[in-house]
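K.L.:
Take a look at the following structure, please.
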Amino acid sequence: MKQLLCLLLTAAVAFTCNAIQPSERKIIRITTDNTELAFEVGPDRRLYQTYFGPRLLSEEDLKNLSWNRPAGAGSTGALEVYSTSGNEDYFEPALGVTHGNGNMTTYLYYEGSSVENIDGGTHTRINMRDDRCPLSVTLNYVVYPKENVIKTWTEISHREKKPVSLFRYASAMLYLNASEYWLTEFSGDWAKEVRMSQEQLRFGKKILDTKLGSRAAMHVSPFFEIGLDGPVREHSGEVLMGTIGWTGNFRFTFEIDNVGNLRVLPGINPYASTYELKAGETFTTPEFIFTLSSEGASQGSRNLQAWARNHSLKDGLGKRMTLLNNWENTGFSFNQESLTGLMKEAKDLGVDMFLLDDGWFGNKYPRSNDRAGLGDWEATRDKLPGGIPALVSAAGEAGVKFGIWIEPEMVNPKSELYEKHPDWVIEQPDRKTYYYRNQLVLDMSNPKVQDHVFSVVDNILRENPGVAYFKWDCNSPITNIYSPYCGERQGQFYIDHVRGIYKVLDRIKEKYPEVPMMLCSGGGARCDYEALKYFTEFWCSDNTDPVERAYIQWGFSQFFPAKAMAAHVTGWNRSTSVKFRTDMASMCKLGFDIGLKELSADELEYCREAVKNWKRLEGAIMDGTQYRLVSPYETNHMAVEYVNTARNSGVVFAYDLSPRFQGKLPVLRLQGLDPAKKYLVREINLMPGRKSSFIQNEKILSGDYLMKVGLDMFSHRHNNSMVVELTAQ
Ligand code: DGJ
């Protein structure tokens, strides 16, 4: 029977194949400067992926690609661009629909496509439609040629009489054809974010997903790398790097099929989220953003970093503020006087802003620990009698900007907000409540809750236009999953909750477009590119031990520019020097969260100097090109280099983590310099009175030499660092 089916299938395919007229062929190219994704409408009017890889030089060659590859028994070999449930492709579908009449099969046929020029690239729309039921799908591909980045998402709508249920709704689908596929994932937990690990994928599925709802990336970050033909390497080899812009439950499915293709399906996690779509409504999936590099992960990261700054990150081309935060220093114990003192210290340190953290609000239930007050966003009168206005003016007098911490999507049950609005909270009506950090998550699917969350920011800014920055925290995952607002439509909740957050963030961005905000989620548990349309930077981790930070910053830098990554000098791992801690934070957006009084005069002087140096090199670190030179995963050292766009200024950060006794030191060859230029090579960030022991210090070396011979910046000392500035002569 099986054989007969197979024969019939092959015959059917052969028949349709013969029916192709070259003149009727419809080929769609999604191309960047270096990458090509090609589709072709088959003779059956379904859309197939014919190629994904380095860009093909000749358009003619596209005609030699076949929509129908040779395949094994029981498979057509055709790779449908957005596969659907219930058809002859027996693998994970991109789209799964239960139609109004209960039928679970969908076939999509090509209807037409269009290309529009947009800022920095092009937007291709491909319209598809089922021939039996009025269900339409639009595939969107936005291409940024210069940065070699593509983002894609899908819109689903229908005109059926009854609502349809969506049980699969991937953002896109990609097929890869290589002899081996190696997945790098970035998993972890609080204070151990983005631990990179690799594994070879074999037949079947590997799923990376999250069900945490709000603090969604606490266990795994929303990005991955796939090494083609071997494990991902830093400077060579082909690698696909992808990330999803969704601040909620996401899922990446990697499936190797019967003929050895790898199918990649990124999307919202459909877990507990069968979505009822009414006629006339459009379900828009999150954006999946990807780049394909044939020069290893390092180049892929540069693609994404440049794209983020140019086209995605909030104020991607703008300046960032250095800061002094008080969380690690004071915790909840502070008052107007002590904060005023810290503002003066911030000024003395040379940073731009003082950032007041958790613990400034709540009167009936003052926030003197994490068990009360969350939700009541009024300054605690006992602690801060002059409220925020007095803090803003104290900062003004000290000569620094003032920023403030909020966690507006959350509530402590011990709060006036909870007493007034118990129905605004995600909580099971008749079960024992589970609390994460003594708090609950507000139901963001509810428009009244959205108004409340918007008002938290709006009230602060209306009353205090001098507030220059927000740190927006989110410490709890969703627990006790029941939305009073969604009622019988609980399948919508996880998705509408995230959309509710975006509605609030849209309103904030519209009314206060200039206000920078840091995205924080008990560390780096929120770090996706949709959220980062509203945030200028994110807090990578509460773990600021510089040794751990080496790995965390290396991990996040795979997908984000240094500009988006906040790093602070703190008291974590006091056994390491203040210099080592500061040098580690200086490779990202620099801040301090430490009692400056606990530093010696030399250490404080060192920090002041480091801030000055960082500001002088901001053009390279924040807006230049990053070269990850030596990996902490492969050696006992780490080195990262930044070069500004004019290639006349750069900086190299070299760290010795835990070198072996007389072990071979890694070769440190620089990258990205102008070979013809001469650079003055000078060690900076030296402790006061310390002379440099760097053997190439103050030498003038050509870019060619620096890239071929390199610098001797590593040593056998543990937890040691060296920072070298490059200045073209
Ligand atoms: C978690 C954040 O990651 C910390 O930086 C700090 O803001 C605390 N929350 C405050 O509760």
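K.L.:
If you place +1 on the Cβ of every Lys and Arg and -1 on the Cβ of every Asp and Glu, how big does the dipole about the Cα centre of the chain come out, in debye to the nearest 20?
P.N.:
So the magnitude is around 440 debye.
K.L.:
So which aspartates and glutamates can K26 reach, going by Cα to Cα under 17 Å and dropping same-chain residues fewer than 8 places off?
P.N.:
Hits, sequence-local ones excluded: E36, E40, D44, E59, E60, D61, E80, E111.
K.L.:
Note down the accessible area of E185, probe 1.4 Å, to the nearest 10 Å².
P.N.:
Approximately 20 Å² of E185 is accessible to the 1.4 Å probe.
K.L.:
Another question, then. Along the charge dipole of the range 42-132, Cβ charges K/R +1 and D/E -1, which of G100, S58, L47 sits furthest on the positive end?
P.N.:
Sorting the options by dipole projection puts first G100.
K.L.:
If each residue of separation counts as 0.36 nm, what is the full-extension length gain between H718 and D348 once their alpha-carbon separation is subtracted?
P.N.:
This chain segment gains 130.1 nm when fully extended.
K.L.:
Ok, one more. Give me the percent of Cα-Cα pairs in the range 270-353 that sit more than 17 Å apart, rounded to a whole number.
P.N.:
72 percent
K.L.:
Moving to a separate point now. I'm a student and want to see the number: the projected area of the Cα convex hull of the chain, averaged over all directions, in nm².
P.N.:
Over every viewing direction, the Cα hull of the chain projects on average to 33.8 nm².
K.L.:
Quickly estimate the mean residue ellipticity at 222 nm for the chain, helices only: each DSSP H run with n ≥ 4 gives -39500 (n - 2.57), and the total goes over all residues, rounded to 500.
P.N.:
So the calculated ellipticity at 222 nm is -6500 deg cm²/dmol.
K.L.:
For the range 529-685, taking Cα atoms only, what is the radius of gyration to one decimal and the Dmax to the nearest whole Å?
P.N.:
Computed over the Cα atoms of the range 529-685, radius of gyration and Dmax are 15.6, 48 Å.
K.L.:
To continue, here is another question. Would you mind checking the pairs K448/K533; K347/K471; K589/K677 and listing those with alpha carbons more than 22 angstrom apart?
P.N.:
Over 22 Å apart, Cα to Cα: K448/K533; K589/K677.
K.L.:
Toward the positive end of the charge dipole of the chain, about the Cα centre and with charges on Cβ (Lys, Arg +1; Asp, Glu -1), which of T122, Q662, I501 goes farthest?
P.N.:
Most positive-ward Cα: Q662.
K.L.:
Straight-line reach from K364: which aspartates and glutamates have a Cα under 12 Å away, not including same-chain ones fewer than 8 places off?
P.N.:
Counting by Cα, and skipping residues close in sequence, K364 has these aspartates and glutamates nearby: D376, E378, D382, E416, E419.
K.L.:
What are the semi-axes of the equivalent ellipsoid of the range 36-149, taken as the square roots of 5 times the eigenvalues of the Cα gyration tensor, listed largest first and rounded to whole Å?
P.N.:
Working from the Cα gyration tensor, I get semi-axes of 26, 20, 12 Å.
K.L.:
Follow-up question, since we're still on this one. Across 10 Å bins from the origin, how do the percents of Cα pairs in the range 217-309 run, short distances first?
P.N.:
With a bin width of 10 Å, the distribution comes to 14, 38, 33, 13, 3.
K.L.:
Still on this structure: Starting from the Cα of R690, step 7 Å toward the Cβ, then list every residue of the range 606-637 with an amide N under 11 Å from that point.
P.N.:
Once the point is set 7 Å along Cα→Cβ of R690, 606-607 turn out to lie under 11 Å by backbone N, inside the range 606-637.
K.L.:
Could you rank Y482, Y434, Y48 by how accessible they are, 1.4 Å probe, largest area first?
P.N.:
Y434, Y482, Y48
K.L.:
A further question follows. Can you list the aspartates and glutamates whose alpha carbon is less than 20 Å from that of K678, not counting same-chain residues fewer than 8 positions off?
P.N.:
The reachable aspartates and glutamates, counting only those whose Cα sits under 20 Å from K678, are E641, E698, D704, D712, E725.
K.L.:
Separation between the F661 and Q428 pseudo-spin-labels, each 7 Å from Cα along Cα→Cβ, expressed in nm?
P.N.:
In this crude label model, F661 to Q428 measures out at 5.8 nm.
K.L.:
For a Förster distance of 41 Å, can you work out the FRET efficiency between the beta-carbons of V259 and M707, rounded to the nearest 0.05?
P.N.:
That pair, V259 with M707, gives E of 0.45.
K.L.:
If E234, E199 are ordered by their accessible area, calculated over protein heavy atoms with a 1.4 Å probe, which sequence runs from highest to lowest?
P.N.:
Largest to smallest exposure gives the sequence E199, E234.
K.L.:
For q values of 0.16 Å⁻¹, compute log₁₀ I(q)/I(0) with the Debye formula on a Cα-only model of the range 609-719, without solvent.
P.N.:
Normalising to I(0) and taking log10 leaves -0.77.
K.L.:
Now for a separate question. What is the packing order of peptides 367-380, 276-289, taking the mean over residues of other C-beta atoms within 10 Å and listing the highest first?
P.N.:
Highest mean packing first, the order is 367-380, 276-289.
K.L.:
Counting only heavy atoms of the protein chains, get the accessible area per residue of the chain (1.4 Å probe) and round it to a whole Å² value.
P.N.:
38 Å²
K.L.:
If I require 18 Å or longer along the helix axis, counting alpha carbons, and a Kyte-Doolittle average no lower than 0.5, what helices from the chain are left? Use full DSSP H segments.
P.N.:
Passing helices, by number: 2-18.
K.L.:
Can I ask one more? Percent of accessible area on the chain owned by carbon and sulfur, 1.4 Å probe?
P.N.:
For the chain, the apolar C and S fraction of the accessible surface comes to 49 percent.
K.L.:
R0 = 41 Å: FRET efficiency of H123 with T274, Cβ-based, nearest 0.05?
P.N.:
E(calc), rounded to 0.05, equals 0.85.
K.L.:
Let me ask something additional. Charges only on Cβ, +1 for Lys and Arg, -1 for Asp and Glu: so what's the dipole of the range 234-375 about the Cα centre, in debye to the nearest 20?
P.N.:
Dipole about the Cα centre, nearest 20: 360 debye.
The values are calculated or read from the model by the stated rules, or taken from the named source; none is laboratory data. This one's a predicted model, so the numbers in the text were calculated from it and none came from an experiment. Heads up, the Cβs are rebuilt from the backbone with ideal geometry, glycines too, and the neighbour counts pull from every protein chain shown. Side chains included, ligands, DNA and RNA excluded: accessible areas come from the protein's heavy atoms. Shrake-Rupley method; radii C 1.70, N 1.55, O 1.52, S 1.80 Å.
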